[in-house]
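The structure follows.
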Amino acid sequence: MITRRFALSLIGAIIALPTFAEDAVFNTDDIAINGYDPVAYFEQGQPVEGLLDYAVNWNDAVWLFSTPEHMALFEGNPEAYAPQFGGYCAFALSKGQLAPTVPEAWTIVDGKLYLNYNLQARQLWSEDIPGNITKAESYWPDILQ
């Protein structure tokens, strides 16, 4: 069993990793949010890998979708589906840091998608979602400077 102290030290080590401050969207090789379909979180309630066949350039990154319908929904209103804080870890951002995310550590709160570094970070973030969102918003987007 992982203790809270261990989890916090793990998060601290992760947060100390190099960040991607030049990018407004967390991406790998210009592919946003690890190539996962942001609309699928809302429509299917789970992370689904996107396909290169359904790609959209938005906010200086390529977003992939699993279906043409998801791609069309995103194109019609990208802000409704794109994760908050550019897809960076919501928990790390609440601590004033940037960290990458994984597809399975996600939460939808008040119709907005939030991603986290891992499931442990999501658990810690979920202990005070409103407070952590407020803290993260105080750093975003200035942290990208």
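With a cut-off of 8 Å between alpha carbons and a minimum separation of six or more residues, what is the relative contact order of segment 37-116 in percent? Present the calculation step by step, with values, prior to reporting the outcome.
Numbers: 127 pairs, mean separation 19.9, N = 80.
The normalised contact order for segment 37-116 reaches 25 percent.
Read phi for every residue in segment 103-112 and hand back ³J(HN,Hα) as whole Hz from Karplus 6.51 cos²θ - 1.76 cosθ + 1.60, θ = phi - 60°, with x for Gly and Pro.
So the Karplus estimates, Gly and Pro as x, are x, 7, 9, 9, 8, 10, 10, 6, x, 10 Hz.
To the nearest 0.05, what FRET efficiency results for residue 46 and residue 134 with a Förster distance of 30 Å applied to their C-beta separation? Walk me through the numbers on the way to the answer.
On the way: r = 27 Å, r/R0 = 0.92.
Calculated transfer efficiency: 0.65.
Next up: Rounded, prolate or oblate: which fits segment 27-83 when a ≥ b ≥ c are the square roots of the eigenvalues of the alpha-carbon gyration tensor, with rounded for a/c under 1.5 and prolate only if a/b beats b/c?
Numbers: a/c = 1.39, a/b = 1.22, b/c = 1.14.
It comes out rounded by the Cα gyration axes.
Now for a separate question. Simple spin-label model, 7 Å along Cα-to-Cβ: residue 119 to residue 58 in nm?
2.9 nm
Only the coordinates and a few stated rules stand behind these numbers; no lab work does. Keep in mind the model is a prediction, meaning the values are calculated, not measured. Backbone-built Cβ (ideal geometry, glycine too); neighbour counts: all protein chains shown.
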